[in-house]
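This report concerns only the one structure given below.
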Amino acid sequence: MNRARRPPLHHPLAPTFDRAVDSLCVALSPDTTRHYRGTVRKFLTYLGARHPGVNRLDQLRRESHTLGWMCCLRSPVPPLTTASYINHLIALRVVFNELAWSEQLAELARLIRREDIPRAPQRLPRPLTSEQDQLLQKEFLRRNDLGGNVFLLIRHTGMRIGECADLSCDCLRSTGPNQWAVHVPLGKLKTERMVPVDSLVCGIFQRLAFFRSLDPLPADGKLLARPRTKEALVRQLRDYLHQVCHALGLSIRIVPHQLRHTYATEMLRAGVSFPVLMKLLGHTSPEMTMRYLDVALTDLQREFQLARSRPRHLVPQPKVPLARLRSGLDGVIDSLLAAQHVLEMFRRALPKGPSRQCLDRLSNRLTKILSEARKLPTP
């Protein structure tokens with residue numbers, strides 16, 4: 001279905017803005033070019049309706065024109081999302097900067113200032129719930145088709161869908177006896193990485209390789225056959241996931257990237273360290289990884305209770321069990337350490353009150369006794 005072409009914009013400044021966009025978009029994608037032209041069209045439409053007398057660049061003013069256009073962007077019902085509003089402001093600011101340079105009008109670069117652009121909303125992690133995760137994985141396994149195995153692979157490696165579409169047929173590498181890793185090619189951040197995998201993922205690769213061998217498209221070295229382009233393949237996979245979610249009756253529109261969020265959260269809860277998780281996800285900064293981590297309320301409660309029950313920095317641990325006490329002065333010190341540990345653990349189990357305060361004082365005395373005992377000469 002072709003999009004209806006909009007009528008040309010009749011405004012005296014339209015040709016000038018078009019030249020600026022043409023200059024900016026020489027090496028940009030068609031989608032980005034359409035975004036710049038759409039933003040310019042919105043601004044000039046507003047200018048023609050509210051300020052018809054403006055027909056030269058040197059007539060543009062910040063207070064009257066650009067600030068008024070910003071208010072106009074916020075006025076529709078429902079209003080633009082914050083992200084869309086930011087994108088329009090950034091695009092028009094870039095066009096103004098281009099015009100300031102090409103038309104030798106420095107004041108155009110000051111029509112939209114840096115402080116006019118609001119802070120982008122922080123994107124919260126969107127991992128699947130446990131129920132959604134189990135339902136989808138079960139359905140993917142039941143179908144056992146190309147799309148199901150692709151999304152199982154994404155779920156158990158944390159790859160982006162675009163990275164998955166770029167996998168080569170030989171991306172599964174042996175790293176040792178019964179050890180395997182997936183070579184993820186250059187992706188969104190121009191980085192490549194090796195992701196360790198288990199036998200489950202090796203089985204998924206075998207099935208995908210089998211599907212590739214049956215595909216009539218000519219071999220191109222890719223694990224997933226492309227009907228026309230990479231973008232067409234990604235669209236097919238997204239449509240497949242949408243159909244699966246609809247068949248399962250899931251009320252929320254699930255997108256492929258949520259499988260990556262789920263993988264990251266699973267790795268964190270399994271005890272994977274933060275630097276390792278950065279490597280697994282192919283991130284270049286800790287801030288990027290933090291956006292992927294979902295610390296649920298149950299995680300917070302578990303960690304809080306663990307910290308309260310076993311505060312490592314306050315509860316002294318006896319160095320040697322009671323059954324293996326040393327002899328002489330060393331044995332005395334071991335006994336004092338064990339007594340201090342037992343006393344402290346008992347004190348922490350008591351409610352706040354006189355008894356707990358008394359035991360706290362006794363523990364402090366034991367600390368002083370230990371200090372003096374360690375100063376005694378060994379006979």
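What follows draws every value from the coordinates through simple rules; no lab data is involved. If you're wondering where the values come from, they're calculated on a predicted model, not measured in any experiment. Cβ placement follows ideal geometry from the backbone for every residue including glycine, while neighbour counts extend to all protein chains displayed.
What's the ranking of 207-219, 54-66 by average number of surrounding C-beta atoms within 10 Å, highest first?
Details: 207-219: 12.0, 54-66: 14.8.
Listed from highest to lowest mean packing, they are 54-66, 207-219.
Starting from the Cα of K279, step 7 Å along the direction of its Cβ; do the same at H183; then give the gap between the two resulting points in nm.
Result for the modelled spin labels: 1.8 nm.
Please give the FRET efficiency for M288 paired with F346, using the beta carbon to beta carbon distance and R0 = 56 Å, rounded to the nearest 0.05.
0.75
What is the Cα centroid distance between the stretch 216-267 and the stretch 150-179, reported in whole angstrom?
Answer, in whole Å: 14.
What FRET efficiency comes out for the pair E103/T82, r = Cβ-Cβ distance, R0 = 51 Å, nearest 0.05?
0.95
Between E231 and C72, what is the spin-label point distance in nm, taking each point 7 Å from the Cα along the Cα→C-beta axis?
3.0
Under 10 Å, Cα contacts only: if you run a Gaussian network model on the chain, which one of V342, V276, V195 comes out with the highest mean-square fluctuation?
Residue with maximal mean-square fluctuation among V342, V276, V195: V342.
Only counting other Cβ atoms within 10 Å, I'd like D133, D145 sorted with the fewest neighbours first.
Neighbour counts put them in this order, fewest first: D145, D133.
Determine, for each peptide in 198-206, 158-166, 14-22, the mean count of other beta carbons within 10 angstrom over its residues, then list the peptides with the highest first.
Answer by packing, highest mean first, reads 158-166, 14-22, 198-206.
Between beta-carbons, use under 14 Å as the cut-off and find the net charge around A49, counting Lys and Arg +1, Asp and Glu -1.
Net local charge, A49 excluded: +3.
In Å, what is the Rg of the alpha-carbon atoms in the chain, and how long is Dmax?
Rg, Dmax (Cα atoms, Å): 31.9, 103.
Pairs to check: K42/K279; K230/K279; K138/K230. Give those whose C-alpha atoms are more than 32 Å from each other in this structure.
Table pairs above 32 Å Cα-Cα are K42/K279.
State the extension gain, in nm to one decimal, for the chain segment bounded by R126 and K375, taking 0.36 nm per residue of separation less the distance between their alpha-carbons.
83.8 nm
Express the Stokes-Einstein translational diffusion coefficient of the stretch 130-297 in µm² s⁻¹, to the nearest whole number, given a Kirkwood radius over alpha-carbon pairs, 37 °C and a viscosity of 0.692 mPa s. Mind showing how you got there, number by number?
Details: Rh = 16.6 Å.
The calculation lands on 198 µm²/s.
Taking only DSSP H segments of four or more residues, each worth -39500 (n - 2.57), what value at 222 nm results for the chain once the sum is divided by all its residues, to the nearest 500 deg cm²/dmol? Intermediate values should be presented prior to the final figure.
On the way: 15 runs with 210 residues, N = 379.
So the calculated ellipticity at 222 nm is -18000 deg cm²/dmol.
At 7 Å along the Cα-to-beta-carbon direction for both R61 and L214, put a label point, then send me their distance in nm to one decimal.
For the pair R61/L214, the computed spacing is 7.1 nm.
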